[in-house]
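Written below as structure tokens is the structure these notes are about.
The values are calculated or read from the model by the stated rules, or taken from the named source; none is laboratory data. Since the model is a prediction, treat every value here as computed from it, not as a measurement. Note that we place each Cβ from the backbone using ideal geometry, even for glycine, and neighbour counts take in every protein chain shown. Protein only, heavy atoms only, side chains kept; ligands, DNA and RNA dropped before computing areas. Shrake-Rupley method; radii C 1.70, N 1.55, O 1.52, S 1.80 Å.
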Amino acid sequence: MQIAEGIVMLELDLGSMTIHPTVLVDEDSWTLIDTGLPGSAAALLALAKQAGVGDRPLRAILLTHQDLDHIGGLPGILEETDGSAVVYAHPDDAGAINGTERLAKLSQERLDGFLQEWPEDVRSQFERTFLHPVRPNVDMMYKDGDTLPFGGGLTVIHTPGHTPGHVSLYHRASKTLIAGDATVARDGVLSGPNARVTPDMDMALASLGKLGQYDIEGVICYHGGWVQGGVNARFAALSEGKS
Ligand SMILES: [Zn+2]
């Protein structure tokens with residue numbers, strides 16, 4: 001779905017969930033925000049092609065946070081593009097993404113289950129990248145308030161709670177918030193992050209209050225897709241504990 005000039009929300013059905021990574025198209029390159037589950041790189045790149053990235057090189061991969069459904073496609077995407085994309089993450093999640101710390105919400109038991117389930121190529125790619133990496137996966141660290149040049153200008157907003165290093169990205173030209181998992185949508189209605197997978201709900205709701213400082217016309221929820229209208233008022237209500 002084209003949100004505005006140069007910004008497209010993808011919709012990728014992974015069976016267990018439908019996700020909405022964002023693509024930013026600049027004149028001579030493109031940028032991807034979040035990468036899907038392990039094994040989803042090829043499908044995601046096919047959607048990006050349909051979205052109009054053409055033959056441009058992938059210039060940057062912006063990770064909103066460390067969860068598996070956001071970082072899992074990273075090695076596949078680097079392998080299937082020319083591998084030169086610069087990978088961004090927040091320092092508070094970078095250790096987990098770099099494999100020097102555990103992924104916060106993935107127990108050993110669940111990880112073992114996944115490793116048994118995944119096809120051999122996906123499993124070995126995951127092990128090489130996240131369990132026994134030879135180099136850091138994150139090239140650049142975000143700071144709250146940073147401005148990145150992609151898509152004509154993105155503001156980094158640190159929105160901790162769902163994970164310590166969670167960020168949302170504000171696309172100024174279109175007044176679009178790329179929320180990551182700071183908020184989810186159900187039937188077009190925004191709510192706080194999924195409590196079951198949000199270790200610090202109070203902090204997550206405070207982060208929604210912080211988002212209210214931006215003039216937001218629409219939100220891309222990684223889980224739940226596009227929501228438009230009344231966004232700032234909704235975030236204010238949610239941050240005050242009104243659902
Ligand atoms: Zn997620």
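To keep it simple, each residue is scored yes or no on (1) farther than 24 Å from Thr147 by Cα; (2) in contact (Cβ under 8 Å) with a residue 12 or more places away in the chain.
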| position | (1), (2) |
| --- | --- |
| Asp187 | yes, no |
| Ser191 | yes, yes |
| Ala204 | no, yes |
| Ser207 | no, yes |
| Gln213 | no, no |
| Glu217 | no, yes |
| Val231 | no, yes |
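For region 187-207, a residue qualifies if it is in contact with a strand residue (DSSP E or B) (Cβ under 9 Å, 6 or more places away or on another chain) and on the phi < 0 side of the Ramachandran plot, and the qualifying residues are Val189, Leu190, Ser191, Gly192, Pro193, Asn194, Ser207. Within region 53-77, residues that are in contact (Cβ under 8 Å) with a residue 12 or more places away in the chain sit with their Cβ atoms under 6 Å from residues that are part of a helix (DSSP H, G or I) and acidic (Asp, Glu), at 6+ positions apart or across chains, in these pairs: His65/Asp93; Gln66/Asp93.
Do the conditions hold for Ser40, that is, is it of a type in the set (S, T, N, Q), under 21 Å from Cys221 (Cα atoms) and surrounded by fewer than 24 Cβ atoms within 10 Å (Cβ to Cβ)? For Ser40, the condition - of a type in the set (S, T, N, Q), under 21 Å from Cys221 (Cα atoms) and surrounded by fewer than 24 Cβ atoms within 10 Å (Cβ to Cβ) - is met. Is it true that some residue in region 121-140 is open to solvent by less than 10 Å² (accessible area, probe 1.4 Å), closer than 29 Å to Glu5 by Cα, part of a strand (DSSP E or B) and among the hydrophobic types (A, V, I, L, M, F, W, C)? No; the residues of region 121-140 include none that is open to solvent by less than 10 Å² (accessible area, probe 1.4 Å), closer than 29 Å to Glu5 by Cα, part of a strand (DSSP E or B) and among the hydrophobic types (A, V, I, L, M, F, W, C). What do you reckon, is Arg172 open to solvent by 50 Å² or more (accessible area, probe 1.4 Å), of a type in the set (Lys, Arg) and under 30 Å from Asp28 (Cβ atoms)? When the stated conditions are applied, Arg172 passes them. Quick check, is Asp200 more than 13 Å from the ligand (Cβ to nearest atom), of a type outside the set (A, V, I, L, M) and outside the structural domain of Ser16 (by TED's automatic domain parsing)? Yes, satisfied.
Looking across region 72-90, the residues that are surrounded by 13 or more Cβ atoms within 10 Å (Cβ to Cβ), closer than 23 Å to Thr147 by Cα and of a type outside the set (A, V, I, L, M) come down to Tyr88, His90.
Scanning region 159-186 for residues that are touching a helix residue (DSSP H, G or I) at 6+ places or on another chain (Cβ under 8 Å) and more than 16 Å from the ligand (Cβ to nearest atom) yields His171, Arg172, Ala173.
Considering Asp13, Asp67, the condition of being within 16 Å of the ligand (Cβ to nearest atom) and loosely packed, with under 13 Cβ neighbours inside 10 Å is satisfied by Asp13 alone.
The residues in region 25-64 that are more than 10 Å from the ligand (Cβ to nearest atom) and either under 14 Å from Val86 (Cα atoms) or of a type in the set (Lys, Arg) (or both) can be counted, and the count is 15.
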